[in-house]
Structures are given as structure tokens and as C-alpha cells.
Amino acid sequence: MAAYPKDSAVSQVKGTTTSGLALVYLACRVRGKDKGNIMTKILDLASYEALQGKTLGHSDWITVDQGMIDAFSEATGDKQFIHIDPVRAAQDTPYGGTIAHGFLTLSLITNMYEDSMPQLQGHELNINYGLNRIRFLQPVPSGARIRGQFTLARISKRRTGQYLSENDIRVEIEGNDKPAMLGTWLTLLVSQS
């Protein structure tokens, strides 16, 4: 498996080979800093509900380097030249080089969520419930830095001990006014008790 720089968003997983990448272990911990977001807190239900309609802050920046793109390509089998051949992508596309897969950008919202969203008190289990209206508006060039902005659109009770959180997501590219991606992510918050 390729070695990635210490500050790269992809961490090397010991014991895995390139052919057996467990989706590249995209739990790419980008050694976060507290940016004053209200999100690193555990909130009671009333406080969580009060955040509906509010933008909750930004995640840390994630560098989407060629190593990450190549590893994602290997893991998913999407080996289109616009992602993995820098020379041809520079010559034959309007992008000037390789770009990240849209699904790579989408998969990184898990990491961004960890940086940006509060935890509902007593609900430590967060389950991906689905996505709505995902749109890829701007390509992410290799080497670009992206971050997520989350807005809690709504939280609703599903059943005892379960709440559905609807989060509007905006993935921004550093230095670019147009977002890379917009959408809504549904997360089921489940009580362990």
C-alpha cells in the first residue's frame, strides 16, 4: 500500500494491501482544531432542537491529494482517466489535471460531520439513514482542500429512543465561491439504553 504523508487526509492502514483496501479507511482523521463551533458538545434534546435552521459551523479542511484519489479509485474500481492520469487529464479535459470522484467527496462528509455536529445526549449511535438531493456542482481538483458546512434542517422523533436528524450539507473548496457539493444527509440518532 502506498505511504501517505502524515498530514494527508488518508491514513495508512496496517495489514491491508492496495487490492484489499477496506474503502481506503476513509476515516481520514485530519487532526482537528477547535474552531469555536458549538458542535463538539453533547446537548440535551431541547438545546438540540433549538439549533434547527441554524448553520452549525465548518469542519476542518481536508486535503484531497492524488494519493487519496488513486486509493479511492482502486477501492471502487472507478478508474476513469480524469481521476488517475494527471497527464491525460491535463491535456484532454477542461480541468487542467485530475479531479476527485464525486463519490469520494460525498464519502468525506462522515469525517466532516464528526467535526461539525453536536451529539444528542444519550444517543451515541449515529446511523446513516440516507441522502436527499445530492448535487455535485464543481469538480474538486487533486490537491484542493475541502470542508463541510452543516445546517440542522430538522430533527424529529421516530420512535422511543430514536430521532431523525436532517442536515443540509455544503462542501466548499478552499478559494472557490461555488461549492463542490450540496445535499441533505439523514442521520438516525439512537439511544443505547
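The values are calculated or read from the model by the stated rules, or taken from the named source; none is laboratory data. Keep in mind that what you see is a predicted model, and the values were worked out from it rather than measured. Cβ: placed from backbone, ideal geometry, glycine included. Neighbour counts: every protein chain shown.
I need the full set of residues from the range 141-162 which are more than 16 Å from Leu56 (Cβ to Cβ) and part of a strand (DSSP E or B), in order please. I'd like the intermediate steps shown before the answer.
So the first thing to find is which residues in the range 141-162 are more than 16 Å from Leu56 (Cβ to Cβ), and the list is 141-146, 156-162.
Residues satisfying the conditions are Pro141, Ala144, Arg145, Ile146, Ser156, Lys157, Arg158, Arg159, Gln162.
Of the candidates Gly96, Gly143, Gly102, the single residue that is on the phi < 0 side of the Ramachandran plot and among the small types (Gly, Ala, Ser) is Gly102.
The lone criterion from (1) exposed (fewer than 13 other Cβ atoms within 10 Å of the Cβ); (2) under 20 Å from Leu51 (Cβ atoms) left unmet by Leu164 is number (1).
Look at Arg147 and say whether it is of a type in the set (D, E, K, R), surrounded by 14 or more Cβ atoms within 10 Å (Cβ to Cβ) and in contact (Cβ under 8 Å) with a residue 40 or more places away in the chain. Let's see the steps before the verdict.
Details: of a type in the set (D, E, K, R): yes; surrounded by 14 or more Cβ atoms within 10 Å (Cβ to Cβ): yes; in contact (Cβ under 8 Å) with a residue 40 or more places away in the chain: yes.
Answer is yes for this residue.
Of all the residues in the range 94-107, those that are out of contact with any strand residue (DSSP E or B) (no Cβ under 8 Å at 6 or more places or on another chain) and part of a loop (DSSP other than H, G, I, E, B) number 2. Asn111 meets the conditions (1) modelled with pLDDT of 95 or more; (2) under 17 Å from Thr63 (Cβ atoms); (3) outside any strand (DSSP E or B) in every case but one. The failed one is (1).
Of the set (1) exposed (fewer than 13 other Cβ atoms within 10 Å of the Cβ); (2) of a type in the set (Lys, Arg); (3) part of a strand (DSSP E or B), all apply to Arg170 but (1).
For Phe72, are the conditions met, namely being among the aromatic types (Phe, Trp, Tyr), over 30 Å from Gln192 (Cβ atoms) and buried (at least 20 other Cβ atoms within 10 Å of the Cβ)? Criteria met by Phe72. What pairs come up if the first residue lies in the range 42-58 and is under 12 Å from Thr151 (Cα atoms), the second is not aliphatic (A, V, I, L, M), and their beta carbons are under 6 Å apart, counting only those six or more places apart or on different chains? Final answer for the pair search is Gln52/Arg154; Thr55/Thr151; Leu56/Ser116; Leu56/Phe150; Gly57/Asn37; Gly57/Ser116; His58/Arg147; His58/Gln149.
In the range 118-132, the count of residues that are surrounded by 21 or more Cβ atoms within 10 Å (Cβ to Cβ) and within 15 Å of the chain's Cα centre (by Cα) is zero. Of all positions in the range 49-60, none carries a residue that is more than 22 Å from Arg170 (Cα to Cα), of a type outside the set (A, V, I, L, M, F, W, C) and at pLDDT below 95. Has the range 121-133 got at least one residue that is modelled with pLDDT of 95 or more and assigned to a helix (DSSP H, G or I)? No: the range 121-133 contains no residue that is modelled with pLDDT of 95 or more and assigned to a helix (DSSP H, G or I).
Per the conditions (1) in contact with an Asp or Glu (Cβ under 7 Å, 6 or more places away or on another chain); (2) within 25 Å of Gly175 (Cβ to Cβ), the sole criterion not satisfied by Ile134 is (1). For the range 173-193, a residue qualifies if it is part of a strand (DSSP E or B) and of a type in the set (A, V, I, L, M, F, W, C), and the qualifying residues are Ile173, Met181, Leu182, Trp185, Leu186, Leu188, Leu189, Val190.
Remark: pairs (first residue in the range 84-96, within 15 Å of Gly143 (Cβ to Cβ); second residue among the acidic types (Asp, Glu) and surrounded by 13 or more Cβ atoms within 10 Å (Cβ to Cβ); Cβ separation under 8 Å; 6+ apart in sequence or on different chains) = Ile84/Asp70.
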